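Let me begin by presenting the structure, written as structure tokens, before commenting on it.
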Amino acid sequence: MDFKKLSVFLKDNGLPAFRLKQVHEAIFKNFAASWDEISALPAPLRDKLEGEFRLNTLDTADTLVSKKGDAIKFCFEMKDGLKIETVLLNLTSERWSLCVSTQAGCPVRCPFCATGRKGLKRNLSPDEIVDQFLAAASYLKKNRNQKIASVIFMGMGEPFYNYESVSEAIRTMTDPERIGLGQRHISVSTAGHVPGIRRFAKDFPQCNLAISLHASEDDLRNDLVPLNRQYPLSQLAKALNDYIAMTKRRVLVEFVLMDGLNNSRSQAAKLSSWLRAVAAPKYFTVNLIPYNRTGGPYRAPARDRVKVFAGLMETYGFEVTVRKSLGDDIAGACGQLAGK
Ligand code: SAH
Ligand code: SF4
């Protein structure tokens, strides 16, 4: 919603300034998705505004609910016809987390990820990121009478390649006058964009950082996360070490386990030594993500292999979580977002 334009419009039409506040409140606090829903405004004014302003930059092309009802995927169409995906995840009962996209496609091109396969189409604007939240919040309010508790920037795209939009979206989400989430309820996941990590530490020291590691040797990581060629593991280690020194925050280390590629015992040992060289184990949570099928040559590890890897990391002193795969029946799981 373009509030500047709306303010000018109200003035030009001799309408009182408090109307702006009413619209603001309806959008950010009540998640109104259409002018009709803003009953505080007189009907003729609503009709007038309807022809001039869109409340949301996104059209909902499709909404898919997983069989268990714990994942809801939205497929949004933007003004230029490009599509992006956003997923609501019910991690613990009644606590919903929203996974937002920051780019249409992704320039990093990790070969195991459906988003990366097509490369970058374009960056999203701050409104296009925030509007994913507003549309999903509106859906959740109407259909389940529930709220979004946290936002994870883990959908399509590399957030730090679109730093300006991402930071503006975080400001809107954390501003008490607008969405008003606590910074601690926002997490950003990066494939290892070193300058982005450094800026993020300064700008949002209370938000959470997640880093997609997947390998702790440059040779393998160059293949799995091509951004590693630009920012190799040594540089990433320094940036994470500085991040932790500055924020004193725990970092989530995402590690997609692919059978026969990065899930051996020796790779667990290497991961442990790489992390320990960055900071003490208490500063990390290792989040193991069994590979979700995306049509590539990779294989998911058997459940007991995941257990062995998790057990080893625990023995090395790390807190370990294994990511539940929610929404794989609606292609809403990690790495499966393609946007068509
Ligand atoms: N671009 C950012 C954020 C989006 S990707 C990043 O890479 O961190 C979100 C997470 O999903 C990343 O950890 C990514 O590595 C993981 N992922 C990608 N493809 C996957 C797949 N096929 N199976 C499981 N996880 C995958
Ligand atoms: Fe981009 Fe993340 Fe997918 Fe890699 S895993 S291609 S960085 S979205």
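Which one of N162, N145, N208 is polar (S, T, N, Q) and without any contact (Cβ under 8 Å) to a residue 40 or more places away in the chain?
Working: N162 fails: without any contact (Cβ under 8 Å) to a residue 40 or more places away in the chain; N208 fails: without any contact (Cβ under 8 Å) to a residue 40 or more places away in the chain.
Going through N162, N145, N208 in turn, the sole match is N145.
Being within 16 Å of ligand 2 (Cβ to nearest atom) and open to solvent by less than 10 Å² (accessible area, probe 1.4 Å) is the filter here; which residues of the range 121-159 pass it? Reasoning before the result, please.
So the first thing to find is which residues in the range 121-159 are within 16 Å of ligand 2 (Cβ to nearest atom), and the list is 121-124, 129, 132, 152-159.
Within the range 121-159, L124, I129, Q132, F153, M156, E158, P159 meet the criteria.
Pull out all pairs, ordered by first then second residue, where Cβ-Cβ is under 7 Å, the residues are six or more apart or on different chains, the first lies in the range 6-19 and is within 14 Å of P44 (Cα to Cα), and the second is of a type in the set (G, A, S) and open to solvent by 60 Å² or more (accessible area, probe 1.4 Å).
From the range 6-19, the pairs are L10/A17.
Of all residues being in contact with a Lys or Arg (Cβ under 9 Å, 6 or more places away or on another chain) and aliphatic (A, V, I, L, M) in the range 90-119, which is surrounded by the most Cβ atoms within 10 Å (Cβ to Cβ)? Just the residue, please.
A104
Name every residue in the range 37-87 that is over 25 Å from I152 (Cα atoms), open to solvent by less than 20 Å² (accessible area, probe 1.4 Å) and of a type in the set (S, T, N, Q), in order of residue number.
Of everything in the range 37-87, nothing turns out to be over 25 Å from I152 (Cα atoms), open to solvent by less than 20 Å² (accessible area, probe 1.4 Å) and of a type in the set (S, T, N, Q).
Of all residues in the range 314-333, count the ones that are charged (D, E, K, R) and open to solvent by less than 20 Å² (accessible area, probe 1.4 Å). Please lay out each step first, then the result.
Step one: filter the range 314-333 for residues charged (D, E, K, R), giving 314, 319, 323-324, 328-329.
Filter once more, keeping what is open to solvent by less than 20 Å² (accessible area, probe 1.4 Å): none.
Number of matching residues: 0.
So which pairs qualify, if the first residue must be in the range 172-196 and at positive phi, the second must be open to solvent by 20 Å² or more (accessible area, probe 1.4 Å) and in a loop (DSSP other than H, G, I, E, B), the Cβ gap must be under 7 Å, and the two must be at least 6 apart or on different chains?
G192/Y231
Report yes if some residue within the range 167-182 is open to solvent by 10 Å² or more (accessible area, probe 1.4 Å) and either within 16 Å of ligand 2 (Cβ to nearest atom) or not assigned by TED's automatic domain parsing to the domain that holds L261 (or both); otherwise report no.
No, every residue in the range 167-182 fails to be open to solvent by 10 Å² or more (accessible area, probe 1.4 Å) and either within 16 Å of ligand 2 (Cβ to nearest atom) or not assigned by TED's automatic domain parsing to the domain that holds L261 (or both).
Out of all the residues in the range 190-201, is one or more outside any helix (DSSP H, G or I), buried (at least 19 other Cβ atoms within 10 Å of the Cβ) and more than 14 Å from ligand 2 (Cβ to nearest atom)?
Applying the first criterion (outside any helix (DSSP H, G or I)) to the range 190-201 yields 190-193.
Now restrict to residues that are buried (at least 19 other Cβ atoms within 10 Å of the Cβ): 190-193.
Next, from what is left, pick out any that are more than 14 Å from ligand 2 (Cβ to nearest atom): none.
Checked the range 190-201: no residue is outside any helix (DSSP H, G or I), buried (at least 19 other Cβ atoms within 10 Å of the Cβ) and more than 14 Å from ligand 2 (Cβ to nearest atom).
Can you give me the ranges of the strands (runs of 3 or more DSSP E) entirely in the range 60-120 with at least 2 residues that are within 10 Å of ligand 2 (Cβ to nearest atom)?
Details: elements: 71-77, 83-92, 95-99, 103-105.
In the range 60-120, the matching strands (runs of 3 or more DSSP E) lie at 103-105.
Determine which member of the set F133, F160, F153, F112 is in the same structural domain as L91 (by TED's automatic domain parsing) and touching a His at 6+ places or on another chain (Cβ under 7 Å).
Of the residues listed, the single one that is in the same structural domain as L91 (by TED's automatic domain parsing) and touching a His at 6+ places or on another chain (Cβ under 7 Å) is F160.
When Q132 is evaluated against the numbered criteria (1) of a type outside the set (D, E, K, R); (2) assigned to a helix (DSSP H, G or I); (3) in contact with a Lys or Arg (Cβ under 6 Å, 6 or more places away or on another chain), which criterion, by number, is the only one it fails?
The number of the failed condition is (3).
Could you list all residues from the range 9-36 that are open to solvent by 80 Å² or more (accessible area, probe 1.4 Å) and either assigned to a helix (DSSP H, G or I) or closer than 14 Å to E50 by Cβ (or both)?
Listed by number, the residues that qualify are K11, D12, F18, K21, E25, D36.
Is one or more of the residues making up the range 35-45 at pLDDT 95 or above, closer than 28 Å to T190 by Cα and in contact with a Lys or Arg (Cβ under 8 Å, 6 or more places away or on another chain)?
no
Report, by residue number, each residue of the range 216-251 that is within 12 Å of ligand 1 (Cβ to nearest atom) and more than 15 Å from V278 (Cβ to Cβ).
Selection gives L224, V225, P226, L227, N228.
Taking the stated definitions as given, is L41 in the same structural domain as R144 (by TED's automatic domain parsing) and not in a helix (DSSP H, G or I)? Before you say what the answer is, go through the steps one by one.
Numbers: in the same structural domain as R144 (by TED's automatic domain parsing): no; not in a helix (DSSP H, G or I): yes.
No.
The values are calculated or read from the model by the stated rules, or taken from the named source; none is laboratory data. Bear in mind the structure is a predicted one, so any value in this text is a computation, not a measurement. No Cβ is skipped: glycine too gets one built from the backbone with ideal geometry, and neighbour counts run over all protein chains shown. Keep in mind that these areas ignore ligands, DNA and RNA; they rest on the heavy atoms of the full protein, side chains included. Shrake-Rupley method; radii C 1.70, N 1.55, O 1.52, S 1.80 Å.
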